[in-house]
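Written out below as structure tokens is the structure these notes cover.
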Amino acid sequence: MPLSSLPGVVVSRRHPQAPRVSIVIPVFNEEQNLPLLYERLAPVMDGIVRNGGGVEAILVDDGSSDRSLEILREIAGRDPRVRVVSFNRNYGQHAAVFTGLEMSRGAVVVTLDADLQNQPEDIPKLLAKFDEGFDVVGGWRENRKDTAFRRFASRRVNAMMRRILKGVEFRDYGCMLRAYSRPVVDSMRQCEERSTFIPALACQFARRVAEVPVGHADRAAGESKYSLWKLFKLQADLVTGFTAAPLRLATFAGLAVAGLSVAFGAFLFIRRLIHGPEAEGLFTLFAILFFLVGALFFALGLLGEYVGRIYDEVRHRPRSVVAETINFNPDEDPV
């Protein structure tokens with residue numbers, strides 16, 4: 001029986017002339033940053049080539065409404081190492097990164113944001129650590145330049161992910177500057193979730209992970225694409241995509257409340273036998289009732305998040321639709 005036919009086994013396949021490093025960059029309305037991004041990325045790519053490995057940069061335009069795609073066409077026309085994928089509309093950062101992973105060919109795939117908060121010059125630092133034999137190398141933003149709210153939200157997400165992904169002690173799951181091995185990328189390509197968190201998903205398939213400190217700068221131009229609603233949605237994806245612990249917690253909380261309700265009912269019955277009918281305590285009962293109703297609606301909402309995720313998955317709609325590709329060769333691209 002061939003190895004690839006065994007359940008759960010993913011055999012890595014690469015084109016013989018594939019580059020050693022693929023750099024995947026999602027782009028959404030970054031027309032002001034793209035020229036500087038390429039200006040800083042090109043020397044890094046030249047350095048990778050000088051060290052004896054080919055390189056490609058896959059920039060995925062996530063349905064930008066500004067001149068981002070036009071600028072990407074110009075850059076790709078000058079540098080064949082730059083490959084461009086354009087969506088027919090906006091699907092979100094993780095959909096763009098996933099498409100870049102699917103179309104990458106390198107033995108190691110590096111992801112990077114286009115806003116230049118993560119610095120392209122730190123890519124060699126990740127590759128050096130990767131060469132020590134790690135499957136995933138994450139960047140850790142030592143001195144973040146984000147707002148206090150973003151830093152607070154990030155700390156909460158990182159703390160939650162460390163509890164969910166036991167044994168993986170990343171400080172910074174939110175940093176997009178990361179390096180993945182080809183086997184890990186191929187394993188992620190087999191996953192069919194419509195909504196997922198790529199750094200956490202990669203840890204499900206990695207044996208050895210590491211983290212290195214990287215720089216973090218203020219946005220060169222433009223504004224963050226992560227609104228409060230998108231941060232909440234990301235949090236919901238993390239919870240519903242990687243653990244069923246909240247459902248179990250809701251079950252245990254329901255059992256505890258039911259037990260307390262029985263005990264309180266018994267207490268009120270005994271008190272009535274001893275003291276007779278009483279009017280006092282009516283508002284206390286109302287407060288308890290409102291608390292129970294609120295807890296019930298919270299549990300229903302939590303259950304609804306899981307059911308909604310199931311509904312999204314069973315429809316099997318594509319994560320994204322590619323409208324245009326530039327500098328791609330069908331004979332060399334992965335299948």
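The values are calculated or read from the model by the stated rules, or taken from the named source; none is laboratory data. What you see is a predicted model, and the numbers here were worked out from it, not measured in a lab. Heads up, the Cβs are rebuilt from the backbone with ideal geometry, glycines too, and the neighbour counts pull from every protein chain shown.
Some points to look at:
- Checked against (1) within 23 Å of ILE123 (Cα to Cα); (2) among the polar types (S, T, N, Q); (3) touching a residue at least 40 places away in the same chain (Cβ under 8 Å), SER86 passes all but a single condition, namely (1).
- Here VAL60 meets each of (1) without any contact (Cβ under 8 Å) to a residue 40 or more places away in the chain; (2) in contact with a Ser or Thr (Cβ under 7 Å, 6 or more places away or on another chain) with one exception, condition (1).
- Contacts under 7 angstrom Cβ, first residue in segment 90-116 being of a type in the set (Phe, Trp, Tyr), partner modelled with pLDDT under 90 and not in a helix (DSSP H, G or I), 6 or more apart: TYR91/ARG319; TYR91/SER320; PHE98/ARG319
- Among the criteria (1) surrounded by 10 or more Cβ atoms within 10 Å (Cβ to Cβ); (2) modelled with pLDDT under 75, the one ILE270 does not fulfil is (2).
- Residues of segment 178-192 satisfying the condition of being touching a Leu at 6+ places or on another chain (Cβ under 8 Å) and touching a residue at least 60 places away in the same chain (Cβ under 8 Å): ARG178, ALA179, TYR180, VAL185, MET188, ARG189
- Per-region count, segment 185-206, residues surrounded by fewer than 16 Cβ atoms within 10 Å (Cβ to Cβ) and among the acidic types (Asp, Glu): 1
- In segment 191-207 there is no residue matching the filter, namely being modelled with pLDDT under 70, assigned by TED's automatic domain parsing to the domain that holds ASN29, farther than 22 Å from ALA295 by Cα and hydrophobic (A, V, I, L, M, F, W, C).
- Considering ALA42, ALA57, ALA114, ALA76, the condition of being among the hydrophobic types (A, V, I, L, M, F, W, C) and surrounded by fewer than 19 Cβ atoms within 10 Å (Cβ to Cβ) is satisfied by ALA42 alone.
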